[in-house]
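Visitor: Can you keep this structure in mind? I'll have questions shortly.
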Amino acid sequence: MKWTCFFLLGAYCLAQSLTILPSEVQLTGPEARQQLIAELSEGRYQQDSTRTAEWRTSDSLIATVDHSGLLRPVNDGETTVTAKVNGKSASLRVVVKGAHDPSVWNFRNHVIPVLTRMGCNQGACHGALAGKNGFKLTLRGYDPDADYDTLTRQSAARRVSVADPNASLILQKASFAIPHGGGQRFKKDSLEFRVIREWIAAGAPPPAAGDPEILGLQVFPKVAILKPGAEQQLAVRAKYSNGTYADVTRWVKFTSNNEGVASVDDNGLVKINGAGEAAVTLWYSSKVLYARLTVPFDNQVSASAYDKFPHRNYVDDLVLAKLKSLNIAPSLLASDSTFIRRAYLDAAGILPTAEEVENFLADNSPDKRARLIESLITREEFIDYWTYKWSDLLLVSSRKLRSGQVWSFHNWIRDSVKVNKPWDQFARDIFTSAGSTREHGALNYFVLHKDPIELTETTTQAFLGQRITCARCHNHPLEKWTQKQYYQMANLFSRVGVKNDGAETIVFAKVSGDINHPRLLRPLAPTPLDGNPLALESQADRRLAFAAWLTDPANPFFARTVVNRVWANFMGRGLVHPEDDVRATNPASNEELLSALTRDFVQHKFDVQYLIRTIMSSGTYQLSAEANATNQNDDRFYSKYLVKRLPAEVVLDAMSQVTGVPTAFPGYPAGTRALQLPDSQVKSEFLTSFGRPARNICDSSERSSDPNVAQALHVINGETLNKKISADDGYAALFLKLGLSERRVVEQLFLSAYSRYPTDQEREAVRAALTSPGIRRQALEDLMWAMLTSKEFLFNH
Amino acid sequence: MGTLALLLAGLAAGHSPAAPVYSLAWSPDGSLLAAGSFRQVRLLDRRAQTLAVLEPHADAVRAIAISPDGKWLAAAGGLPARKGEVRIWDLSTRTLVRTITGHADCIYAAVFSPDNRTLATASYDKLIKIWDITTGAEVRTLKDHIDAVYALAFTTDGKRLISGAADRSVKVWNPATGERLYTFSDATDGINALAVDPTGTMVAAGGLDKSIRVWKLGERGGELINTLIAHEDAILALAWSPDGRRIVSSSADRSVKLFNAADLTELQAIPQTDWVYSVRFSPDSSVFAAGRYDGTVQIYPSK
C-alpha cells in the first residue's frame, strides 16, 4: 500500500527546481542595476516567481536586491543573492566593481535610448521626416551626431540649458511641467528624467568615437514553456565593446508576434493569453533578439496519436517534437489519391492523368510514393514549374528586357533547373559572370536592376530574405540593419557596367565608381551585411567578393532563405512567414526544423532536388488536410496539410488538361502551357485575375491567392473555361464520340480532375442525365463545369 | 586666415561650464560690442575688456539690438515655450529702462527701426510684434508666418521690415501699416538668418537648405538675383557689411565664411570649434565679430 502511494506521488507531484537568471552578474559603476528573474520549473513548465520570491543578499553592504528582484550596487566586492520560493532556493554570486566611480551618462548609450524608449523620436513624433513643432530628431536615434546638435544647439539652444539644466525644455516638456503635444513622457522623479538632467548638468558631453559600442543583446529567459494565464517578466542585457554588460530592460522596445498567445507591456512583462507559440521581439539600439514562449494547448492527446504519425525522416522527428510540446495531435496519413494529386501539383504544377492515377492506385508496392516522387523530379513539367518559380524570383519579364533578353534569361534558368544546378552555383552564375547577356543569360539580372540601390534591395530580398529598404534613408526602425550597412552593401554594386554593343548588351566590371552615403557624403568600404569590408581603393570586381560571401556555407541567410521558399511551396506556409522575410525578429515556427533543413541542404551542396525529395518524402508532407479535434486551428506547426488555392497558371493549365483544350497565347506555339511562358507580360486576363505576379518587385506577396469577383466571373461565365468545355475537339465531345460508357466517362472525369474515383453517390447523381439521349453532351459539359469550378478542383489539399 | 584682433574667453564667468554667446551687436560708433549670454549682456570694449554686465534677464539673451542713435540696447529672449521678454537698457547709464513681456514663446530676433522709435521682435510663436520704445506698448502684431520666426531686418529707410521663418519663407512687410507686401518662397527649408544691404535694396537669407539667396527688393515684389549653396550644413547667421562689399555667414558645419557680396564669391572659410550663433560687422566694416556656443567671441578682419 505504502509503495503504491509513493508511486502515485512520484507520478503526479513533479519535482520543482528554482533558477535565477542571468546566471552570472557583474555590476559595473554606481548606476549599474540588474533585473533578476526567479524561474521555477515543474515538469516541462516554467513559472515566473520573480515577484513572489523572497530575495536576499549575503552582504547588503555590497549589493541590495528589492522585492521585485532588482539588484543594485553599494560597494565594491562580492556577495551572494538568494531567492526562495515554495521552500526551494537558488543563489547567485554577484561581483560589484566601480561602485563609487564618477558616473557620466553617455549621449549615445543612455540619452538616445531614453528618447527612443519614451517615444520622442518615433515616426509619429519628433522622429517624423518633418519633425514636430520645429523639433526634429532622427528616427529612433539613428544619427546620434545630428540629434546631439539638434538637442544642444539648434534654435539657439532652446531645448537644453547647460547653465540651468532643470530649465531645459526637453525636461520641462517631457515631464509635462509645461504643455506638451506628446503628453507626459516621463515623471520628474523617474530614472529617465535623471539621466537627461544629469547628462545636461555634466555639460551635455557629445557622442564620442571612443564610446563603448553595443555588441549584442541577451534575454532572460530565452525560451520558456508557460501555462495560459501565466505572466513572465523578461530581462534584457546589452553587451558592450569594453566588456561590460548593462541591464537595458526598461529601455527595450518589446513586441509580440502573436498577441493571441502572448502580449507584452513596455516593461517586458509578458502575459499569456492563449495556447500556441509566440516570439517576443526586442529592439534596442539597432540590436534585435527574441524570446520564445511556448504554451501547450489544453488537449488530451493519447500517445497512440503520435505513434500513428508516419515517420519517414528527420523532418518528422522535429515536427513531432513541436507537436508534442504543444499537445497537438497530427492528422492521419493522406490517401493515395490525395497524395498523387498533391505531389503532382506541388512539384510540377500539373494534374496526374486519369491513367497515371489509376496505375498509382492499383500499385500495391510499399515504396510507390517514393518512386512517384523520383519520377516527378525527372519530368519536363517539373523543370517548367521550377523555372517559372525562379523566374518569378528573378523578375523575368519584357517590362524592362527585350524579347531576346527575356528568352536568354529564361533559358539560363531552365538549363540550370534541368541540370539541378546547386543553388550556390546558380547565384554565383549571376554575380560572377561578365560579357554578353545573350551568351550569359544570368547577366540580364544587371539589365533589369541597373543601379546599386535596386541591386542591393532586390538581391538582399531574393537571396537573403532581408528587407532593408528602410535603411536606405535611416536605420531600420525595427531591425538590426543600419543606414551605414546599407550603403556599405550598396557599394558592392557600384561598379557594374552595362553597355550596348550593336544588338548585344554587355555587362562588365568597372574599375572605378562608388555610391556615397547620403549623410556622410562619402563612399563607405564595400561590405556585405555583417561581412568583412573590402578595400575601397581595390580595383577587383566587387561582385566576386560579394558572391563568395553570399554562397559561403556559413552565410546565415542564403541557404535558409531558399530552404524556406521551397518548404513554403510544398507546405503552404514558410517555416518563416512570409516566406521571404527571414529577418532576425521574425522567428521560424519551428526553428529546429528550419535549422536542420538548412544544415542538411548545405551539407548536400545546395542541392535543390535533394531538398525537394526530403520534404516530399516526409510523413509531414503526406499528412491529410483533414483536421482532428486538436489541430483545427493549427496553421503553422504542420500537424496537417494546409489547403491552398492553386496558383493562377496551374489553374489555367489544369483546366486545359482536364478539358483537353489548351489555351492559346499569342506569339507562342499551340499547346504552350501557362507555366511554360517565359514572360509575365503575356496578356491573359484569366491569369491576372487569379493573381499572377507582375514581376515588378521582388516580393512573394506579388503573387496573390486571394479570391475576387473577377475570378468568380471568369469561372461562372467567362469565355476561357466555357470555350474549353464546349469545344468540339475537347474531351467532352471526344468521350461521346468514342462511345465510352457513362460509367467510364464519369470515372475519367473524376480521375483527371480530382485524381480519385467517383463515389457511388456521385455516380448516381449524374447517371440519369448522362444516359438521357439528346442531352448527354449538355449534361457532360455541365458536369465538367461543376467539377472545374469546385473547391476540390481549385485547391490543393 | 588673417590676424586675430581679439579673443574673449569665458564670457560667462561664474557659469560653469561657460554659457553660449547667443547674440552680438556693435554700438553705432564701433566702440562697444554687446554680447548676449545666459541671463546677461556683457558690454565689451575693442580691447576685450568688460565694461559692464547688464543683468538679469529671464533666460538666454537670444537677440540684441542697439538703436541707431546709440541710446538704447534691447536684449530679447524669454523662456522657451512660455514667454518672450525684452529688456530695454539705457546704454549711457547702463540702467534698465523697461521690461516688455509679450509673445507666447521666446524671442529670436529684435531690430530697431532706423528712426529709433520702434522695436520689432520675432518669436518661436510665429508672430512678429512692433513695440513703441518710449512706452513699451505693443504697436501691432504681424501675423502670416506659419512657423517660428527666426530673423528680422529693417531696410535703411525704415519702410520695409523683412522676416525669415522656419516655414521656409521670407516676407516683406510695411511696418507702418502691418501689411504684408510680398513673400519670397525660393528657399527649400527653414530660414535662420537675414541680412539687408546698406542701400536697403537687397536682402540675403540663409537657413537649413545651406544656401545663401539674395533678392532685389521692389515695391510690390522682388527678384532672386543670386543663390549659392554656401555650406555643408544649416546656415545659422548672416551679416552684410555696412560698406556693402561683404557678406559673412556662419553654419552648423562649424565654419564661418566671408563672401564678396556682389557675386557671392567665397573669399575665406574659417573653421570653427563650435557653432557660431551670431556674426556682426563693425560699423566701419573693418572687422566682424563671431559669438560661439562655447562662450567665446572672436573678432576677424573682414578683408
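Laboratory data are not the source of any read-out in this text; all were calculated from the coordinates shown. It should be emphasised that the depicted structure is a prediction, and the values quoted were computed from it without experimental measurement. Cβ atoms come from the backbone with ideal geometry, glycine included; neighbour counts cover every protein chain shown.
Visitor: Work out Dmax and Rg for the stretch B:21-125 from the C-alpha atoms and quote the Rg first, both in angstrom.
Guide: For the stretch B:21-125, the Cα radius of gyration and maximum Cα-Cα distance read 12.5, 38 Å.
Visitor: Can you list residues whose amide H is under 5 Å from A:Gly216's amide H, if they're 5+ apart or on another chain and H is modeled 1.01 Å from N?
Guide: Correct list: A:Lys239.
Visitor: Going by C-beta contacts inside 10 Å, put A:Arg522, A:Arg341 in order with the fewest on the left.
Guide: Values: A:Arg522 10, A:Arg341 25.
Lowest to highest Cβ neighbour count: A:Arg522, A:Arg341.
Visitor: Next question. Using θ = phi - 60° and the Karplus curve 6.51 cos²θ - 1.76 cosθ + 1.60, what whole-Hz ³J(HN,Hα) does each residue of the stretch A:234-248 get, with Gly and Pro shown as x?
Guide: Each residue's phi maps through the Karplus curve to give 9, 10, 10, 10, 9, 9, 10, 5, 8, x, 8, 10, 9, 6, 10 Hz.
Visitor: Taking Cα pairs under 8 Å and at least six residues apart, what relative contact order does chain B come out at, in percent? Mind showing how you got there, number by number?
Guide: Numbers: 944 pairs, mean separation 42.1, N = 303.
Value for chain B: 14 percent.
Visitor: Which far-off residues, 5 or more places away or on another chain, put their amide H under 5 Å from the one on A:Ser790, with H placed in the peptide plane?
Guide: none
Visitor: Mind listing the long-range amide H neighbours of A:Arg438? Cut-off is under 5 Å, sequence gap 5 or more, other chains count too, H placed in the peptide plane at 1.01 Å from N.
Guide: Amide H neighbours of A:Arg438: A:Thr505.
Visitor: Further, regarding this structure: To one decimal place, what orientation-averaged projected area in nm² is obtained for the convex hull of the Cα set of the stretch A:230-358? If you can, show how the numbers build up before the last one.
Guide: Values: hull surface 50.5 nm².
Taking a quarter of the hull surface, the average projection is 12.6 nm².
Visitor: Here's a follow-up. Please arrange B:Cys106, A:Cys698, A:Cys470 by counting, for each residue, the other beta carbons lying within 10 Å of its beta carbon, fewest first.
Guide: Numbers: B:Cys106 28, A:Cys698 22, A:Cys470 16.
Exposure proxy ranking, most exposed first: A:Cys470, A:Cys698, B:Cys106.
Visitor: Can you work out the FRET efficiency for the pair B:Thr199 and A:Asp145, with r the C-beta to C-beta distance and R0 = 35 Å, to the nearest 0.05?
Guide: Values: r = 41 Å, r/R0 = 1.17.
Step by step, r from the Cβ atoms, then E = 0.30.
Visitor: Oh, and also: Would you compute, for the Cα atoms of the stretch A:180-272, the largest minus smallest coordinate along each principal axis and list the three values in descending order, in whole Å?
Guide: 50, 38, 20
Visitor: Counting C-alpha atoms alone, how compact is the stretch B:148-255: give Rg to one decimal and Dmax as a whole number, in angstrom.
Guide: Radius of gyration, then largest Cα-Cα span, for the stretch B:148-255: 12.7, 40 Å.
Visitor: Would you mind getting me the FRET efficiency between A:Leu740 and A:Arg599? Use the beta-carbon distance for r and R0 = 45 Å, nearest 0.05. Don't jump to the answer; show the numbers that get you there.
Guide: Numbers: r = 53 Å, r/R0 = 1.17.
With a Förster radius of 45 Å, E is 0.30.
Visitor: Still on this structure, please answer the following. Of B:Lys143/B:Lys257; A:Lys132/B:Lys83; A:Lys173/B:Lys210, which sit over 31 Å apart, Cα to Cα? Could the numbers behind the result be given before it?
Guide: Values: B:Lys143/B:Lys257 33 Å; A:Lys132/B:Lys83 20 Å; A:Lys173/B:Lys210 29 Å.
As for pairs spanning more than 31 Å Cα to Cα, those are B:Lys143/B:Lys257.
Visitor: Okay, moving on. Note the full-extension length gain between A:Ala765 and A:Asn359 as 0.36 nm times their separation in residues minus their Cα-Cα distance, in nm to one decimal.
Guide: Values: separation 406, 0.36 × 406 = 146.16 nm, distance 2.62 nm.
Going from the current span to full extension adds 143.5 nm.
Visitor: Volume per residue, Å³, of the convex hull around the alpha-carbon atoms of the stretch A:134-247?
Guide: On the way: hull volume 18.3 nm³, N = 114.
Taking the convex hull of the Cα positions in the stretch A:134-247, it is 161 Å³ per residue.
Visitor: Could you rank the peptides A:673-684, A:60-71 by their average count of other C-beta atoms within 10 Å per residue, with the highest value first?
Guide: Values: A:673-684: 20.5, A:60-71: 17.2.
The densest-packed peptide leads the list: A:673-684, A:60-71.
Visitor: Report the extension gain between A:Asn708 and A:Ile775 in nm, rounded to one decimal, defined as 0.36 nm multiplied by the number of residues separating them, less their alpha carbon distance. Spell out each step's value before the answer.
Guide: Numbers: separation 67, 0.36 × 67 = 24.12 nm, distance 3.30 nm.
Roughly 20.8 nm would be gained on extension.
Visitor: Percent relative contact order of chain A, based on C-alpha pairs within less than 8 angstrom and at least six residues apart? All intermediate terms of the calculation are to be shown ahead of the outcome.
Guide: Values: 1486 pairs, mean separation 76.6, N = 797.
Relative contact order comes out at 10 percent.
Visitor: With the crude spin-label approximation of a point 7 Å out along Cα→Cβ, what separation in nm comes out for A:His100 versus B:Ile229?
Guide: Distance between the two pseudo-spin positions: 5.7 nm.
Visitor: With all pairs of different alpha carbon atoms counted, what Kirkwood hydrodynamic radius in Å does the stretch A:14-145 show? List each step's numbers first, then the result.
Guide: Numbers: mean 1/r = 0.0584 Å⁻¹.
Mean inverse Cα-Cα distance, inverted, gives 17.1 Å.
Visitor: Let me know the volume per residue of the alpha-carbon convex hull for the stretch A:11-85, in Å³.
Guide: Details: hull volume 6.2 nm³, N = 75.
That works out to 83 Å³ per residue.
Visitor: Sticking with this one: Given only helices, namely DSSP H runs of n ≥ 4 each adding -39500 (n - 2.57), what is the per-residue ellipticity at 222 nm of chain A, to the nearest 500 deg cm²/dmol? Could the numbers behind the result be given before it?
Guide: Details: 30 runs with 293 residues, N = 797.
Result for chain A: -10500 deg cm²/dmol, rounded to the nearest 500.
Visitor: Same structure, new question: Would you give the gap between the C-alpha center of the stretch A:293-367 and the C-alpha center of the stretch A:137-166, rounded to a whole Å?
Guide: Here the answer is 60 Å between Cα centres.
Visitor: Kindly write out, for the stretch A:452-461 in residue order, the coupling ³J(HN,Hα) from the Karplus curve 6.51 cos²θ - 1.76 cosθ + 1.60 (θ = phi - 60°), rounded to whole Hz, with x marking Gly and Pro.
Guide: Calculated HN-Hα couplings, in order: x, 5, 4, 5, 5, 6, 5, 5, 5, 6 Hz.
Visitor: Mind giving me the FRET efficiency for B:Asp115 and A:Ala177? R0 is 56 Å, r the Cβ-Cβ distance, nearest 0.05 is fine.
Guide: Working: r = 42 Å, r/R0 = 0.75.
Calculated value: 0.85.
Visitor: A further question follows. For A:Asp415, A:Asp317, what ranking results if the residue with the fewest other Cβ atoms within 10 Å of its Cβ goes first?
Guide: Values: A:Asp415 13, A:Asp317 17.
Least crowded to most crowded, the residues run A:Asp415, A:Asp317.
Visitor: What does the charge count around A:Arg185 come to, taking other residues whose C-beta lies under 13 Å from its C-beta (Lys +1, Arg +1, Asp -1, Glu -1)? Mind dumping the intermediate values first?
Guide: Working: positive: A:Arg117, A:Lys132, A:Lys173, A:Lys187, A:Lys188; negative: A:Glu192, A:Asp266.
Taking every Cβ under 13 Å from that of A:Arg185, the sum is +3.
Visitor: List the lysines whose Cα lies under 29 Å from the Cα of A:Lys683, skipping any in the same chain that are fewer than 8 positions away.
Guide: List returned: A:Lys389, A:Lys400, A:Lys418, A:Lys450, A:Lys644, A:Lys723, A:Lys724, A:Lys791.
Visitor: Add +1 for every Lys or Arg and -1 for every Asp or Glu among the other residues with Cβ under 15 Å from the Cβ of A:Glu579, and state the total. Walk me through the numbers before you get to the answer.
Guide: Values: positive: A:Lys389, A:Arg467, A:Arg560, A:Arg565, A:Arg573, A:Arg583, A:Arg636, A:Lys644, A:Arg703; negative: A:Asp346, A:Asp392, A:Asp580, A:Asp581, A:Asp635, A:Asp699, A:Glu702.
It works out to a net charge of +2.
Visitor: Related question: Could you work out the relative contact order of the stretch A:587-675? I mean the mean sequence separation of Cα pairs under 8 Å and 6+ apart, divided by the number of residues, in percent.
Guide: Details: 60 pairs, mean separation 14.8, N = 89.
That works out to 17 percent.
Visitor: Ok, one more. Convert each backbone phi in the stretch A:615-623 into a coupling constant with the Karplus relation 6.51 cos²θ - 1.76 cosθ + 1.60 (shift: θ = phi - 60°), then list the ³J(HN,Hα) values in order as whole Hz, x for Gly and Pro.
Guide: 5, 5, 6, 5, x, 4, 5, 9, 6
Visitor: Would you work out if the protein assembly as shown is rounded, prolate or oblate? Take a ≥ b ≥ c from the square roots of the eigenvalues of the alpha-carbon gyration tensor; rounded if a/c is under 1.5, else prolate when a/b is larger than b/c, oblate otherwise. Write down the numbers at each step before the final one.
Guide: Working: a/c = 2.71, a/b = 1.73, b/c = 1.57.
Since a/c reaches 1.5 and a/b is larger than b/c, the shape of the protein assembly as shown is classed as prolate.
Visitor: Now a separate question. Which log10 I(q)/I(0) values does the stretch B:87-159 give at q = 0.15, 0.18, 0.20, 0.22 Å⁻¹ under the Debye formula, counting every alpha carbon as one identical point scatterer?
Guide: Those come out to -0.50, -0.71, -0.86, -1.01, one per q.
Visitor: Label-point separation (nm) for A:Ser60 and A:Val498, each offset 7 Å from Cα along Cα-to-Cβ?
Guide: Between A:Ser60 and A:Val498, the label points sit 7.2 nm apart.
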